[in-house]
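Report on the structure given below.
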Amino acid sequence: MLQNGEMLSMSEKSGSRKVPEWAKGDALMEWYAATIWGQKIDDDDALFEIMSLELFQAGLNWKMILKRRDAFRKVFKDWNIDTVASFGVAKVNQILLDASIIRNQRKIEACIANANVIQDIQKEHGSFCHWFYEELAGDDLGDLQKTLRKTFKFIGPEIARMWLMASGRISSEEID
């Protein structure tokens, strides 16, 4: 169903994972839940992709985002952080014309701003993944949400919570 299939360099443990109730009955959602959801990501661009897709999902449903995942990858150049960070006004205007993705100027501009923040994190900490999994302090959801909201654009408490769970930084059991 998906042309690009897997995340970039993700630690994948499919097959033996139990599919959560929220994904059952839909092949695309089951695939996502079994192969991506809750897995630690070991590639900066892949972590940026998950963060950005969660950002685009705000106010919408996840299946809608997953159906457009390949289109997002094309428009955002496989979520290459350096490439997205270099997008200017002309590129934003071009993206806004592409009906294959969610065309929300604030979300598009937030992705570009976040790519620039990630570049700074990479310079200071070696990699975005290292910062996110090893240096981002704490396991308390509230503290993590506050830090992510202060660090990145368009990351509210719910986007932060879902990103933390989707990327395996925290588990849903930790916050229930």
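The values are calculated or read from the model by the stated rules, or taken from the named source; none is laboratory data. Computed from a predicted structure; not experimentally measured. Counting neighbours? That spans all protein chains shown, and the Cβs are built from the backbone with ideal geometry, glycine included.
With the condition kept exactly as written, say whether any residue in the range 158-175 is over 25 Å from residue 63 (Cα atoms) and either of a type in the set (Lys, Arg) or touching a strand residue (DSSP E or B) at 6+ places or on another chain (Cβ under 9 Å) (or both).
Of all residues in the range 158-175, those over 25 Å from residue 63 (Cα atoms) come to none.
No, there is no match, as no residue in the range 158-175 is over 25 Å from residue 63 (Cα atoms) and either of a type in the set (Lys, Arg) or touching a strand residue (DSSP E or B) at 6+ places or on another chain (Cβ under 9 Å) (or both).
Quick check on residue 161: is it within 19 Å of residue 39 (Cα to Cα) and basic (Lys, Arg)? It is true that residue 161 is within 19 Å of residue 39 (Cα to Cα) and basic (Lys, Arg). Please work out which residue is surrounded by the fewest Cβ atoms within 10 Å (Cβ to Cβ), limiting yourself to the range 153-176 and to residues that are free of Cβ contacts under 8 Å to residues at least 40 places away in the same chain and within 17 Å of residue 110 (Cα to Cα). Among them, the one singled out is 157.
What do you reckon, is residue 16 surrounded by fewer than 18 Cβ atoms within 10 Å (Cβ to Cβ), of a type in the set (Gly, Ala, Ser) and modelled with pLDDT of 95 or more? So residue 16 fails the test.
Elements of the type helices (runs of 4 or more DSSP H) sitting completely within the range 69-124 and holding at least 1 residues that are modelled with pLDDT of 95 or more and touching a Leu at 6+ places or on another chain (Cβ under 7 Å): these cover 69-75. Residue by residue through the range 56-90, note down the ones that are aliphatic (A, V, I, L, M) and more than 18 Å from residue 129 (Cα to Cα). Of everything in the range 56-90, those that are aliphatic (A, V, I, L, M) and more than 18 Å from residue 129 (Cα to Cα) turn out to be 58, 60, 64, 65, 66, 71, 75, 89, 90.
Go through 98, 82, 140 for me and flag whichever is exposed (fewer than 15 other Cβ atoms within 10 Å of the Cβ) and more than 28 Å from residue 70 (Cβ to Cβ).
Testing whether each residue is exposed (fewer than 15 other Cβ atoms within 10 Å of the Cβ) and more than 28 Å from residue 70 (Cβ to Cβ) leaves just 140.
Residues considered: 29, 51. Of these, the only one that is assigned to a helix (DSSP H, G or I) and either within 20 Å of residue 77 (Cβ to Cβ) or of a type outside the set (A, V, I, L, M, F, W, C) (or both) is 51.
Exactly one residue out of 3, 39 is of a type in the set (S, T, N, Q) and modelled with pLDDT of 85 or more, and it is 39. Scanning the range 129-163 for residues that are in a helix (DSSP H, G or I) and among the β-branched types (Val, Ile, Thr) turns up 147, 151, 159. For the range 40-55, does any single residue satisfy the condition of being without any contact (Cβ under 8 Å) to a residue 60 or more places away in the chain, out of contact with any Gly (no Cβ under 9 Å at 6 or more places or on another chain) and more than 25 Å from residue 123 (Cβ to Cβ)? There is no residue in the range 40-55 that is without any contact (Cβ under 8 Å) to a residue 60 or more places away in the chain, out of contact with any Gly (no Cβ under 9 Å at 6 or more places or on another chain) and more than 25 Å from residue 123 (Cβ to Cβ).
What pairs come out if I take residues in the range 92-115 that are under 16 Å from residue 59 (Cα atoms) and pair them with residues that are of a type in the set (D, E, K, R) whose C-beta lies under 8 Å away, six or more apart or interchain? Once the first residue is under 16 Å from residue 59 (Cα atoms) and sits in the range 92-115, its partners that are of a type in the set (D, E, K, R) give 101/68; 102/68; 110/153.
For the range 122-152, a tally of residues being free of Cβ contacts under 8 Å to residues at least 24 places away in the same chain and either under 11 Å from residue 169 (Cβ atoms) or of a type outside the set (Gly, Ala, Ser) (or both) returns 16.
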